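Notes follow the structure.
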Amino acid sequence: MIKIIRSNAENEDFIFLVKQLDAYLKTTDGDEHNFYNQFNSIKALKHVVIAYLDGKPSACGAFKKYNENSVEVKRMFTTTQARNKGIATKVLLELEDWAKELNYSSCILETGIRQQEAVAFYKTNAYQIIPNYGQYKGVKNSLCFEKKIKR
């Protein structure tokens, strides 16, 4: 059974999942990990979604305001045991619904080109590649996406 909850960055299960995400990214980002990691603090995240599979924290995601119209999706992660069960999509859709409720019209995000599973996941969920934004401009291993969400 899958249960989805909304929370914030103080949630212990979210912190637990983010630690696993950071360990994974440290290996895939290689020498660029410190560059990317500086943009991944969870302290300011007020909009966090956590998925539980059979009562265990199994996936998470969050967003923060990017501008008046957009939120930036952050800290998406699914444990190895919970992958390929549609849980990440449920988390992402919940984040999008929450953003819509707050009157945002788009979600943007950045992922690394080395995270091929993530790139495929966002494409499958109707995210379109956009020019790199903000701190990711000119970063060759970054890939930025956007999805328009209806108000």
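Is it fair to say S58 is surrounded by fewer than 22 Cβ atoms within 10 Å (Cβ to Cβ) and either among the small types (G, A, S) or out of contact with any helix residue (DSSP H, G or I) (no Cβ under 9 Å at 6 or more places or on another chain) (or both)? Before you say what the answer is, go through the steps one by one.
Values: surrounded by fewer than 22 Cβ atoms within 10 Å (Cβ to Cβ): no; either among the small types (G, A, S) or out of contact with any helix residue (DSSP H, G or I) (no Cβ under 9 Å at 6 or more places or on another chain) (or both): yes.
No, not satisfied.
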Starting from the stretch 80-105, take each residue that is more than 15 Å from I50 (Cα to Cα) and at pLDDT 95 or above and list its partners that are outside any loop (DSSP other than H, G, I, E, B) and not hydrophobic (A, V, I, L, M, F, W, C), counting only C-beta distances under 7 angstrom and pairs at least six apart or across chains.
-> Y104/S70; S105/K148
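Name every residue in the stretch 137-147 that is under 16 Å from V71 (Cβ atoms) and touching an Asp or Glu at 6+ places or on another chain (Cβ under 9 Å), in order of residue number.
C144, F145, K147
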Complete set of residues in the stretch 73-101 that are under 18 Å from E146 (Cα atoms), among the β-branched types (V, I, T) and surrounded by fewer than 17 Cβ atoms within 10 Å (Cβ to Cβ) | T89
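Residue by residue, here is whether (1) modelled with pLDDT of 95 or more; (2) among the polar types (S, T, N, Q); (3) on the phi < 0 side of the Ramachandran plot holds:
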| position | (1), (2), (3) |
| --- | --- |
| E32 | no, no, yes |
| Y52 | yes, no, yes |
| F63 | yes, no, yes |
| N67 | yes, yes, yes |
| S70 | yes, yes, yes |
Looking only at the stretch 102-124, count how many residues are farther than 12 Å from I149 by Cα and in a loop (DSSP other than H, G, I, E, B).
-> 3
Some residue of the stretch 123-135 being at pLDDT below 95, buried (at least 19 other Cβ atoms within 10 Å of the Cβ) and either β-branched (V, I, T) or at positive phi (or both) | no
Among the numbered criteria (1) crowded, with 20+ Cβ neighbours inside 10 Å; (2) within 26 Å of P131 (Cα to Cα), which single criterion is violated by R114?
-> (1)
Filter the stretch 81-101 down to residues that are in a helix (DSSP H, G or I), of a type outside the set (A, V, I, L, M) and out of contact with any helix residue (DSSP H, G or I) (no Cβ under 9 Å at 6 or more places or on another chain), then give me how many there are.
-> 8
Mind checking which residues of the stretch 135-151 are touching a residue at least 24 places away in the same chain (Cβ under 8 Å) and not charged (D, E, K, R)?
-> Q135, Y136, V139, N141, S142, L143, C144, F145, I149
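The values are calculated or read from the model by the stated rules, or taken from the named source; none is laboratory data. This is a predicted model, so every value here is computed, not measured. No Cβ is skipped: glycine too gets one built from the backbone with ideal geometry, and neighbour counts run over all protein chains shown.
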